[in-house]
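The values are calculated or read from the model by the stated rules, or taken from the named source; none is laboratory data. Computed from a prediction, not measured in an experiment: that's the story for all the values here. Virtual Cβ from ideal backbone geometry, glycine too; neighbours counted across all protein chains shown. Heads up: the accessible areas ignore ligands, DNA and RNA and are worked out on the full protein's heavy atoms, side chains in. Shrake-Rupley method; radii C 1.70, N 1.55, O 1.52, S 1.80 Å.
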Amino acid sequence: MNSKFHTVRGYELKEYGKGSLTPALEDYLEMIYRNSLEEPYIRVNTLASLLNVKASSASKMVKKLGELGLVNYEKYGIVTLTEEGKREGEFLLIRHNIIENFLSFIGCKESTLVQTELIEHYISPSTVENIEILYNFFYDNKDLLERYLNYRGVNSK
């Protein structure tokens with residue numbers, strides 16, 4: 001019997017023992033970062049609305065992000081990113097965009113956002129990098145892109 005296999009939760013527990021953010025914390029940080037590209041701060045109520053959660057839930061998660069040194073937060077106040085929070089948030093948004101673009105590229109039409117949200121938390125940075133390389137390879141080699149699209153049947157419809 002191969003003991004290398006685990007349930008999804010088993011893999012999560014192994015990964016989170018290494019000090020990484022949970023998927024939920026990643027979602028909050030990514031949304032705070034997205035918002036920071038347009039405004040210097042966000043309020044908990046706004047964050048809750050953007051993520052379709054209760055303000056009390058958003059408040060708890062922001063507090064955890066603060067304890068991790070990723071945001072500055074005062075109760076009933078505004079939330080701003082620390083420098084580390086900006087770096088991590090930027091990585092999360094880039095990762096999200098790479099995966100979403102790739103899924104669209106390979107023809108994913110059903111719930112691309114949902115699939116991206118589910119995948120992005122369970123994929124290594126090196127795999128994301130390789131997806132981006134493959135994606136860029138096709139766009140830098142239009143002849144191969146055309147052959148791929150024909151093979152997939154996109155151009156024959």
Among VAL128, VAL53, VAL71, determine the one that fluctuates most according to a GNM of the chain built with springs between C-alpha atoms less than 10 Å apart. VAL53
Measure off, as a whole percent, the carbon and sulfur share of the 1.4 Å-probe accessible area of the chain, all protein chains present. 54
Near the amide H of LEU81, under 5 Å away, which other amide H atoms are found, from residues 5 or more places off or on another chain, if H is placed in the peptide plane? ASN72
With +1 on each Lys and Arg Cβ and -1 on each Asp and Glu Cβ, how big is the dipole of region 13-122 about its Cα centre, in debye rounded to the nearest 20? 340
Name the residue from ILE119, SER36, LEU92 whose Cα lies farthest towards the positive end of the charge dipole of the chain, charges +1 on Cβ of Lys and Arg and -1 on Cβ of Asp and Glu. ILE119
Residue among ASN52, ASN97, ASN35 with the largest mean-square fluctuation in a Gaussian network model of the chain, springs linking Cα atoms under 10 Å: ASN52
In degrees from 0 to 90, rounded to the nearest 10, what is the angle of the helix 125-140 Cα long axis to the longest principal axis of the chain? 40
Taking Cα atoms, how many degrees apart are the long axis of helix 142-152 and the longest axis of the chain, rounded to 10 and kept between 0 and 90? 90
Tally Lys/Arg at +1 and Asp/Glu at -1 over every other residue whose Cβ is under 14 Å from the Cβ of VAL114; what's the total? -4
Most mobile of LEU93, LEU47, LEU145 in a GNM of the chain (Cα contacts under 10 Å): LEU145
Under 12 Å by backbone N from the virtual spin label 7 Å along Cα-to-Cβ at ARG43, the residues of region 51-82 are 76-79
May I ask for the angle, rounded to the nearest 10°, between helix 23-36 and the longest principal axis of the chain, with both axes built from Cα atoms and the value confined to 0 to 90°? 90
Can you list the residues, at least 5 places off or on another chain, whose amide H is less than 5 Å from the amide H of ILE123, using H built in the peptide plane? none
Can you list which of the chymotrypsin sites (Phe, Trp or Tyr not before Pro) found in region 28-109 are DSSP loop residues with at most 12 other C-beta atoms within 10 Å? TYR76
By how many nm would the segment from LEU144 to PHE91 grow when fully extended, if each residue of separation counts as 0.36 nm and the alpha-carbon distance is taken off? 16.2 nm
Unit charges at the beta carbon, dipole of the chain: most positive-side option, GLY153, GLY66, ALA24: ALA24
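With a probe of 1.4 Å, find how much accessible area the chain has per residue, and write the answer as a whole number in Å².
In whole numbers, the chain has 67 Å² accessible per residue.
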Here are labelled values, (1) 33, 21, 14; (2) 22, 19, 18; (3) 28, 16, 15, and one is the computed semi-axes √(5λ) of the Cα gyration tensor in Å for what I pasted. Which one? (1)
Compute the distance from the alpha-carbon center of region 125-144 to that of region 53-92, in whole Å. 32
